[in-house]
Amino acid sequence: MPDRTIPSALLALLLAACAPSETPTGEDPQAGEEGLPATAKPGVLAELRADLAAPRHRSDGGGRAWLVLGEDEDGHGQVGRPQRWEFAFEVGPHGLQAGGALYFQVPPFWGWSTPQASRERAPGYTLVRTDAAGVTLTPRTLQRTLLQIEVAGRALESGERIELVYGAGPALAIPDQYAERDSLFLFAVDGDGDGIRGRVEDCPTIDILPAKPAMLVAHLGSTSRPGAGVRLTLAVLDGAASRGCEVTGAVTLRSVPEGFTVPEELALAAGDGGCLTVELTAPAEGTWRLEALFEGDGHAFEARTNPLWVDQDQEPIFWGDLHGHSNFTDGTGLPEDYFRYARDVAALDLVALTDHDHYGMMHFLDARPQMWEEIRQQVEAFHDPGRFVTLLAYEWTNWIHGHRHVLYFEDEGEVLSALDERFDTPAELWDALRGLPALTMAHHSAGGPVATDWSFAPDPVLEPVTEVMSVHGSSEAEDSPSRIYSFLPGNSVRDALDDGYILGFVGSGDGHDGHPGLAHLSPFYGYQPARPDRGRPERMGNGGLAAIRATELSRASLLEALRARRTHATSGPRILLEASLGGQPMGSTVCAADLPERARLDLRVSATSPIEHIDLVRSGALVERTLVGDREDLRSASFLTDLVAGEYVYLRVLQADGALAWSSPFFLE
């Protein structure tokens, strides 16, 4: 049977689900239906189930499509550069009836021109033709990025062709704003004209090359002991933070403290893809940052690293992005590229690729074991304990109870689909995972694409932490800066804590741009580079990272740390945050009876830009706001009185550039 292609109404919601809008998007007219949680979007589920159940004619999805190349053409595109592409479609063995249609779907995200046949001088103008005598083709744009080509006159027979020129007019067609391999052009066929279509098996793809170099990013390991090794990663990227800029030149390090052993020359050479990683030797105890200057090929870019804590007794802090997508579903780039970016550009310590079980533009993971196997093989290939940890993972895409990502901390794991009636509630999912080295995490829980149904109490072993920040915004609370769009009052993470749930905090990107760990540098997610000529400072976009305190960089140690809630969350920048209450670390359950009447709360923060203020949240209320000013490093001690069992306390940090950080809560018992 031909593979399904995403229904039109569902595609509209899919497009909305990736939009960083502050206004409600993708609203479901059936939401709030009797017997369902207020968070549910049953209309989306109905679309998915109807598509699964719809009978396909043998001609649906038939045929083949390919990119037509001239002698001097390679088919590559470049970010932001208008271009023309020609495609050919050959009818399959069962024909294409009069009244049937061919569908042409360009990549639905990141700024591709919508294919249209009505305005010849506008971007995306698409010329459609056939040499089949007696056949009339009528193209029309159904919705953003989707063109229908209806067949009339007579049936197209097996082997006859339809040709499409995308970008046939003088304005050409505008491609992706992100560099990626295998950007998909999807073809689907409704062979008998009943309105039900199937996807053509092998659809053409093209590679999108990066734009010109525009920035330098520099990342240091966040913790070290004096004299120990610490890794520095440098990358020259284009304006959307895509890798692959082939540059040659040298990097000079400045603000280098005494004892920080640095190579004499840091050179970027052709073939490096603009990336370089070197091992340095940590200096004496303290908080350190380096400044880097790249010069080469007529470019000069400056960058400043994240803070590094050097202390003889410093507990390691590892950075992870536990939620993101490739073009296997609704993101950009291949799984291999996702892991390579996480390691060689974003310098993450751990990463998970969480493509959807049943959603997006590609084939579905729950129906394509070979896709899941490809992800598993890439996870295995990149996994390097002590250097870079990869997790096998996917997104449980449930439109009634909310989305969760499922993380496996071993080599194997199953896709337990949210469309499978055995696993379509959180309780059933946890029952299937019980006893395994696995975790689930609720995300965009306060709104966004779909909010979380908190009526299912998170399993304390399988879901000890929750995502408070991603590209969709913050789900922490109604008063949170960068609050998530389509916010649902009463459904935030803080509301869940008020209901007695014990959850640590993490951030994760949920990036669809192929840039795990650096989604906050994407203009699509709100990033604004500094414009000194206009007096505009740099402004961070939305993203998310998890900071995990583990004894070593291994799956077992990271799993143990996450289950103990030894975490803090950021909106992407690597803000270091450490807090203790009565000597107990954040994430702890603390016996209220063991605390003195005035319990000491200690805080240490090292930021990536000046700290604007720090908020203290106690049992559902913002009880104190401390204005900091222009400092980036802060140590403080305060005292809390009258703490009683059932309360919780956490801290929230806001930087002047909009970046955020949260401690995991302390829970009083």
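The values are calculated or read from the model by the stated rules, or taken from the named source; none is laboratory data. All figures in this text were calculated on a predicted structure; none of them were measured in a lab. Heads up, the Cβs are rebuilt from the backbone with ideal geometry, glycines too, and the neighbour counts pull from every protein chain shown.
Go through 233, 252, 305 for me and flag whichever is within 18 Å of residue 340 (Cβ to Cβ) and either charged (D, E, K, R) or in contact with a strand residue (DSSP E or B) (Cβ under 7 Å, 6 or more places away or on another chain) (or both). Steps first, answer last, please.
Details: 252 fails: within 18 Å of residue 340 (Cβ to Cβ); 305 fails: within 18 Å of residue 340 (Cβ to Cβ).
Exactly one residue qualifies, and that residue is 233.
Is it the case that the range 332-355 has a residue that's on the phi > 0 side of the Ramachandran plot and in contact with a helix residue (DSSP H, G or I) (Cβ under 8 Å, 6 or more places away or on another chain)? Steps first, please.
Kept after step one, since they are on the phi > 0 side of the Ramachandran plot, are these residues of the range 332-355: 333, 347.
Right, trim to in contact with a helix residue (DSSP H, G or I) (Cβ under 8 Å, 6 or more places away or on another chain) and you get 333.
Looking for residues that are on the phi > 0 side of the Ramachandran plot and in contact with a helix residue (DSSP H, G or I) (Cβ under 8 Å, 6 or more places away or on another chain), one finds at least one in the range 332-355, hence yes.
For the range 592-621, enumerate the residues that are within 28 Å of residue 490 (Cα to Cα) and either in contact (Cβ under 8 Å) with a residue 60 or more places away in the chain or in a loop (DSSP other than H, G, I, E, B) (or both).
Passing the criteria: 592, 617, 619, 620.
Name the residue that is nearest to residue 301 (Cα to Cα), counting only residues in the range 518-537 that are of a type in the set (Gly, Ala, Ser) and not in a helix (DSSP H, G or I). Break it down into steps so the answer makes sense when it comes.
Step one: of the range 518-537, the residues of a type in the set (Gly, Ala, Ser) are 519, 522, 526, 530, 535.
Those still in the list that are not in a helix (DSSP H, G or I) too: 522, 526, 530, 535.
Details: 522: 17, 526: 21, 530: 13, 535: 19 Å.
Residue satisfying both the conditions and the ranking: 530.
Return a yes/no flag: does the range 466-473 have any residue that is in a loop (DSSP other than H, G, I, E, B) and either more than 30 Å from residue 335 (Cβ to Cβ) or out of contact with any Phe, Trp or Tyr (no Cβ under 8 Å at 6 or more places or on another chain) (or both). I'd like the intermediate steps shown before the answer.
In the first step, residues of the range 466-473 are kept if they are in a loop (DSSP other than H, G, I, E, B); the result is 471-472.
Subset that is either more than 30 Å from residue 335 (Cβ to Cβ) or out of contact with any Phe, Trp or Tyr (no Cβ under 8 Å at 6 or more places or on another chain) (or both): none.
For the range 466-473, residues in a loop (DSSP other than H, G, I, E, B) and either more than 30 Å from residue 335 (Cβ to Cβ) or out of contact with any Phe, Trp or Tyr (no Cβ under 8 Å at 6 or more places or on another chain) (or both): absent.
Quick one: in the range 360-405, which of the residues that are assigned to a strand (DSSP E or B) and of a type in the set (Ser, Thr, Tyr) is nearest to residue 47 (Cα to Cα)?
394
Report yes if residue 638 is more than 22 Å from residue 306 (Cβ to Cβ), of a type in the set (Gly, Ala, Ser) and in contact with a Gly (Cβ under 9 Å, 6 or more places away or on another chain), otherwise no.
Working: more than 22 Å from residue 306 (Cβ to Cβ): yes; of a type in the set (Gly, Ala, Ser): yes; in contact with a Gly (Cβ under 9 Å, 6 or more places away or on another chain): no.
It is false that residue 638 is more than 22 Å from residue 306 (Cβ to Cβ), of a type in the set (Gly, Ala, Ser) and in contact with a Gly (Cβ under 9 Å, 6 or more places away or on another chain).
Return the residue satisfying two criteria in turn: it lies in the range 453-489 and is hydrophobic (A, V, I, L, M, F, W, C) and closer than 16 Å to residue 505 by Cβ, and of such residues it is surrounded by the fewest Cβ atoms within 10 Å (Cβ to Cβ).
477
Considering only residues that are of a type in the set (A, V, I, L, M, F, W, C), in a strand (DSSP E or B) and without any contact (Cβ under 8 Å) to a residue 60 or more places away in the chain, look in the range 104-137 and name the one that is nearest to residue 162 (Cα to Cα). Write out each step before concluding.
Pass one, the range 104-137, residues of a type in the set (A, V, I, L, M, F, W, C): 104, 106, 109-110, 112, 117, 122, 127-128, 132-133, 135, 137.
Subset that is in a strand (DSSP E or B): 104, 127-128, 137.
With the extra rule that they be without any contact (Cβ under 8 Å) to a residue 60 or more places away in the chain, the set shrinks to 127-128, 137.
Details: 127: 10, 128: 7, 137: 9 Å.
Per the stated criteria, the residue is 128.
Against the definition (at pLDDT below 95 and not small (Gly, Ala, Ser)), how does residue 74 come out, yes or no?
yes
Please go through the range 543-565 and pick out each residue that is over 20 Å from residue 517 (Cβ atoms), assigned to a loop (DSSP other than H, G, I, E, B) and of a type outside the set (A, V, I, L, M, F, W, C).
Scanning the range 543-565 gives 551, 552, 565.
Of all residues in the range 500-550, how many are of a type in the set (Val, Ile, Thr) and under 17 Å from residue 442 (Cα atoms)?
Residues flagged as of a type in the set (Val, Ile, Thr) and under 17 Å from residue 442 (Cα atoms) within the range 500-550 amount to 2.
I want to confirm something. Restricting to the range 327-346 and keeping residues that are of a type outside the set (A, V, I, L, M) and not in a helix (DSSP H, G or I), which single residue is surrounded by the fewest Cβ atoms within 10 Å (Cβ to Cβ)? Lay out the reasoning, then the answer.
From the range 327-346, those of a type outside the set (A, V, I, L, M) are 327-333, 335-341, 343-344; that's our starting set.
Those still in the list that are not in a helix (DSSP H, G or I) too: 327-333.
Working: 327: 26, 328: 27, 329: 25, 330: 23, 331: 31, 332: 28, 333: 26.
Across the range 327-346, the extreme among qualifying residues is 330.
What number of residues within the range 347-359 satisfy the criterion of being modelled with pLDDT of 95 or more and assigned to a loop (DSSP other than H, G, I, E, B)?
Our first condition is that a residue be modelled with pLDDT of 95 or more; within the range 347-359, this holds for 347-357.
With assigned to a loop (DSSP other than H, G, I, E, B) added as a condition, the list becomes 347-349, 353-355, 357.
Qualifying residue count for the region: 7.
Inspect the range 209-229 for any residue being surrounded by fewer than 17 Cβ atoms within 10 Å (Cβ to Cβ), at pLDDT 95 or above and part of a strand (DSSP E or B) and give the result as yes or no.
no
Among the residues of the range 554-563, are any touching a helix residue (DSSP H, G or I) at 6+ places or on another chain (Cβ under 7 Å) and within 30 Å of residue 410 (Cβ to Cβ)?
Here is the first cut: in the range 554-563, the ones touching a helix residue (DSSP H, G or I) at 6+ places or on another chain (Cβ under 7 Å) are none.
Scanning the range 554-563 turns up no residue that is touching a helix residue (DSSP H, G or I) at 6+ places or on another chain (Cβ under 7 Å) and within 30 Å of residue 410 (Cβ to Cβ).
Quick check on this structure: which one of 417, 445 is closer than 25 Å to residue 49 by Cα and in contact with a strand residue (DSSP E or B) (Cβ under 7 Å, 6 or more places away or on another chain)? Working first, answer last.
Working: 417 fails: in contact with a strand residue (DSSP E or B) (Cβ under 7 Å, 6 or more places away or on another chain).
Being closer than 25 Å to residue 49 by Cα and in contact with a strand residue (DSSP E or B) (Cβ under 7 Å, 6 or more places away or on another chain) holds for just one of 417, 445, which is 445.
Quick one: which residue in 480, 475, 455 is within 20 Å of the chain's Cα centre (by Cα), in the same structural domain as residue 390 (by TED's automatic domain parsing) and touching a residue at least 24 places away in the same chain (Cβ under 8 Å)? Give the steps one after another, and end with the answer.
Working: 480 fails: within 20 Å of the chain's Cα centre (by Cα); 455 fails: within 20 Å of the chain's Cα centre (by Cα).
Answer to the check: 475.
Only one residue in 99, 92, 61 is in a loop (DSSP other than H, G, I, E, B), out of contact with any Ser or Thr (no Cβ under 6 Å at 6 or more places or on another chain) and surrounded by fewer than 18 Cβ atoms within 10 Å (Cβ to Cβ). Which one?
Values: 92 fails: surrounded by fewer than 18 Cβ atoms within 10 Å (Cβ to Cβ); 61 fails: surrounded by fewer than 18 Cβ atoms within 10 Å (Cβ to Cβ).
One residue alone meets the criteria, 99.
Among the residues of the range 503-517, how many are within 17 Å of residue 404 (Cβ to Cβ) and in a loop (DSSP other than H, G, I, E, B)?
4
Kindly evaluate residue 498 against the criterion of being at pLDDT 95 or above, among the acidic types (Asp, Glu) and in contact with a strand residue (DSSP E or B) (Cβ under 6 Å, 6 or more places away or on another chain). I'd like the intermediate steps shown before the answer.
Working: at pLDDT 95 or above: yes; among the acidic types (Asp, Glu): yes; in contact with a strand residue (DSSP E or B) (Cβ under 6 Å, 6 or more places away or on another chain): no.
Considered against the rule, which asks whether it is at pLDDT 95 or above, among the acidic types (Asp, Glu) and in contact with a strand residue (DSSP E or B) (Cβ under 6 Å, 6 or more places away or on another chain), residue 498 comes out as no.
Kindly evaluate residue 8 against the criterion of being in contact with a strand residue (DSSP E or B) (Cβ under 8 Å, 6 or more places away or on another chain) and at pLDDT below 90. Walk me through it before giving the result.
Numbers: in contact with a strand residue (DSSP E or B) (Cβ under 8 Å, 6 or more places away or on another chain): yes; at pLDDT below 90: yes.
Taking the combined requirement at face value, the residue satisfies it.
Could you list all residues from the range 154-194 that are aliphatic (A, V, I, L, M), more than 36 Å from the chain's Cα centre (by Cα) and part of a loop (DSSP other than H, G, I, E, B)? Steps first, answer last, please.
To start, the set of residues in the range 154-194 that are aliphatic (A, V, I, L, M) comprises 155-156, 162, 164-165, 168, 171-174, 179, 184, 186, 188-189.
Still in the list and also more than 36 Å from the chain's Cα centre (by Cα): 155-156, 162.
Listed by number, the list holds a single entry, 155.
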